[in-house]
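Accompanying notes for the structure given below.
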């Protein structure tokens, strides 16, 4: 068993509706922990029933390929400027855009390292797209500024490494292959192999597809 | 009898294999040569290729013995 802790590393513009606040831009939430002082400001648009959705992503590049995920714990620090006429106002853990675990309601105070508790039953693929979703919606038509303050979040993954790991050396660096499937060409046909297809005593040289 | 060096009567060296490093294991399978002792050898080195791909290999790719690794 091993653990990996990572911070937010990117803002998911493609799935989000928020307009970046230039004074408190989205990357402010990448500061490195769930207990940082600086924050990103996510404005709730004016108007009746206007809402805003924001997604942040974690950097999972350090998670070994083929890992079995035992559990994940996400800690965060976030709050909303006012709860008046804002409902729902939630923060949740998502895989892609699917909520995992239970969403929590944002309050006007932000405690360090609030947690969603342990989340289990996630696959490696689901973990690789984990992120944080922030959502807020106005009630009746109001124009009073409302905004979410996102300070940061950390993801801790408890996992077990795959027994079979394969690496290729590329540009002087070893890179672990992600979920490799092996084929060997036999009598002119590519045959799928379980496990390593390499034959002892045979030398292999890298070839490029043409 | 294998010969690995031939020196002419005038002292000039016609051929000298004594410092050659070729060996059966470093010579491609089926190729022939003479090693440093002058003995004829047949190569035993087998070299195949491997590809790292993002989808299943096409039938025209590679030769028998080659490996394709497809990342999922």
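Counting residues in the stretch A:173-180 that are in a loop (DSSP other than H, G, I, E, B), out of contact with any helix residue (DSSP H, G or I) (no Cβ under 7 Å at 6 or more places or on another chain), at negative phi and at pLDDT below 80 gives one or more.
Applying the condition of being assigned to a loop (DSSP other than H, G, I, E, B) and either surrounded by 17 or more Cβ atoms within 10 Å (Cβ to Cβ) or modelled with pLDDT of 90 or more (or both) to the stretch A:107-119 and asking which residue is nearest to the chain's Cα centre (by Cα) yields A:110. Applying the selection to the stretch B:60-72, what residues are closer than 29 Å to residue B:27 by Cβ and outside any loop (DSSP other than H, G, I, E, B)? B:67, B:68, B:69, listed by residue number. Note on the stretch A:184-208: residues that are assigned to a loop (DSSP other than H, G, I, E, B), more than 7 Å from chain B (Cβ to nearest Cβ), under 34 Å from the mean Cα position of the chain (by Cα) and surrounded by 10 or more Cβ atoms within 10 Å (Cβ to Cβ) total 1.
Residues in the stretch B:46-59 include none that are over 30 Å from residue A:178 (Cβ atoms), within 25 Å of the chain's Cα centre (by Cα) and part of a strand (DSSP E or B). Check the stretch A:42-49 and report whether any residue there is in contact (Cβ under 8 Å) with a residue 60 or more places away in the chain and crowded, with 18+ Cβ neighbours inside 10 Å. There is at least one residue in the stretch A:42-49 that is in contact (Cβ under 8 Å) with a residue 60 or more places away in the chain and crowded, with 18+ Cβ neighbours inside 10 Å. In the set (1) in a loop (DSSP other than H, G, I, E, B); (2) at the interface with another protein chain (Cβ under 8 Å from one of its Cβ atoms), the condition left unmet by residue B:11 is number (2).
Matching residues to (1) under 30 Å from residue A:37 (Cα atoms); (2) in a strand (DSSP E or B); (3) at pLDDT below 90:
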site: A:131; (1), (2), (3): yes, yes, no
site: A:142; (1), (2), (3): yes, no, yes
site: A:149; (1), (2), (3): yes, yes, no
site: A:182; (1), (2), (3): no, yes, no
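Among the residues examined, residue A:104 qualifies as in a strand (DSSP E or B), free of Cβ contacts under 8 Å to residues at least 60 places away in the same chain and either over 16 Å from the mean Cα position of the chain (by Cα) or surrounded by 16 or more Cβ atoms within 10 Å (Cβ to Cβ) (or both). Given the options A:55, A:85, A:76, name the one that is touching a strand residue (DSSP E or B) at 6+ places or on another chain (Cβ under 8 Å), touching a residue at least 40 places away in the same chain (Cβ under 8 Å) and surrounded by fewer than 18 Cβ atoms within 10 Å (Cβ to Cβ). The unique qualifying residue is A:85. Quick test of your reading of the structure: residue A:179 fulfils all but one of (1) within 31 Å of the chain's Cα centre (by Cα); (2) within 11 Å of chain B (Cβ to nearest Cβ); (3) over 24 Å from residue A:3 (Cβ atoms). Name the failing condition by number. The number of the failed condition is (3). Scanning the stretch A:158-169 turns up no residue that is away from chain B (no Cβ under 14 Å), within 25 Å of residue A:83 (Cβ to Cβ) and under 16 Å from the mean Cα position of the chain (by Cα). I'd like the residue in the stretch B:22-60 that is within 14 Å of chain A (Cβ to nearest Cβ), touching a helix residue (DSSP H, G or I) at 6+ places or on another chain (Cβ under 9 Å) and crowded, with 16+ Cβ neighbours inside 10 Å and, out of all such residues, is modelled with the lowest pLDDT. In this case the residue turns out to be B:45.
The values are calculated or read from the model by the stated rules, or taken from the named source; none is laboratory data. Keep in mind the model is a prediction, meaning the values are calculated, not measured. Here the Cβ is made from the backbone with ideal geometry for all residues, glycine too, and neighbour counts use every protein chain on show.
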